[in-house]
Amino acid sequence: MKKVTFINTMPGLSETWPIAPMASAIPQWVRVARADYVKSKDQRQSHLFRCSGIGSLYKTGFVIPAWHDVRVYSEGDSEIQIQKPDTLHESSVDIQKGDGIAKFLPKRPWSSSSIIKFSTPWHIISDVKFLMIPITYPDNFEFEACHGILDPSVSTEINVQVYWNKVGVPHTIDAGTPLCHLVPLTDEDIQLEVRDATDKDIQWLKKRHYVNNMSFLYNIKKMKQLYNKFWRK
């Protein structure tokens, strides 16, 4: 069995919007499809609800929820404007501009040229790598997470970059809204732990901060060495 620990540096978040198994964020259409399947007179017939490929998605991995409200507005290719609660001073939402870091990343024709980056207070400790993907077959399509591999030994931060699809109309992402799906790249069972940061975790974050900022370019080799020394000793 593999252990996955999500540690949180924002007091209160673990009790309000914790990282949870993907099964806790099943889209509404799945429940509608299930109800239709249950009332079917002949359950031997082909039905979407019986698709194991789709059903298995919601039995695997974890969902990362938005940890505070965010109001977003994008007019064409102009800069995305965001608003968050006034009392929240952390740099939790950034814009990667379409003429900058996001310039070469392919986007859907109707999406904003810029990408929104959600920096969460969560860190992950595990010897398992994860595939970060959008919420698949969602009920709504205002945004979708960018794909990528999350390797905790390279970075324990959980940051979610999203394409913004609802151009021209203001939209609010409420706290608790699923942002992305983390799929563990292992067939072994997962033991999940979700908690606030301990003194040991804070010590790790201070060490990590130094290695993360000591060079002009991110030193992956040094970060992996620090991670393995700290968490596997």
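The values are calculated or read from the model by the stated rules, or taken from the named source; none is laboratory data. Nothing here was measured: the structure is a model prediction, and the numbers come from that model. Every residue, glycine as well, gets a Cβ built from its backbone with ideal geometry; the counts of neighbours run over all protein chains shown. What goes into the accessible areas is simple: the full protein's heavy atoms, side chains included, and nothing from ligands, DNA or RNA. Shrake-Rupley method; radii C 1.70, N 1.55, O 1.52, S 1.80 Å.
The charge dipole of the chain, taken about its Cα centre with unit charges on the Cβ of Lys, Arg, Asp and Glu (plus for the first two, minus for the last two), comes to roughly 840 debye.
Comparing Pro121, Pro138, Leu57 along the charge dipole axis of the stretch 1-153, the residue lying farthest to the positive side is Leu57, per the Cβ-charge model. Taking all protein chains together, Val183, Val72, Val167 sort by accessible area into Val167, Val183, Val72, largest first [probe 1.4 Å].
The fraction of Cα-Cα pairs per 5 angstrom bin, counted from 0 for the stretch 1-143, comes to 2, 7, 13, 16, 15, 16, 14, 9, 5, 3, 1, 0 percent, rounded to whole percents. Can you send over the carbon and sulfur percentage of the accessible area for the stretch 18-66, probe radius 1.4 Å, protein chains only? With neighbouring chains kept in place, the figure for the stretch 18-66 is 56 percent.
Cross-link partners of Lys207 among lysines, defined as those whose alpha carbon lies under 20 angstrom from its own and excluding same-chain residues fewer than eight positions apart: Lys221, Lys222, Lys224, Lys229, Lys233. Taking Pro134, Pro152, Pro106 as the candidate residues, the one with maximal mean-square fluctuation in a Gaussian network model of the chain, Cα springs under 10 Å, is Pro106.
Solvent-accessible surface of the chain, averaged per residue with a 1.4 angstrom probe and all protein chains in place: 57 square angstrom.
When both bridge partners sit in the chain, DSSP labels roughly 85% of those beta bridges antiparallel.
Give me the percent of accessible area attributable to carbon and sulfur for the stretch 93-233, probe 1.4 angstrom. Working shown, then result.
Numbers: 4100 of 7720 Å².
Exposed carbon and sulfur together represent 53 percent of the surface.
If I build a Gaussian network model for the chain, linking alpha-carbon pairs within less than 10 angstrom, which residue out of Cys51, Cys180, Cys146 has the largest mean-square fluctuation? The residue that fluctuates most here is Cys51.
Largest accessible area first, the listed residues Trp110, Trp67, Trp204 line up as Trp110, Trp67, Trp204 when surface is computed with a 1.4 Å probe on the assembled protein chains. Taking the empirical scaling 2.2 N^0.38 Å for compact globular proteins as reference, the stretch 96-233 has a Cα radius of gyration ratio of 1.19.
The helix-based estimate of mean residue ellipticity at 222 nm for the chain, built from -39,500 (n - 2.57) per DSSP H run of four or more residues and divided by its residue count, is -6000 deg cm²/dmol to the nearest 500. GNM remark for the chain: springs join alpha carbons under 10 Å apart, and the peak mean-square fluctuation among Lys222, Lys107, Lys166 falls on Lys222.
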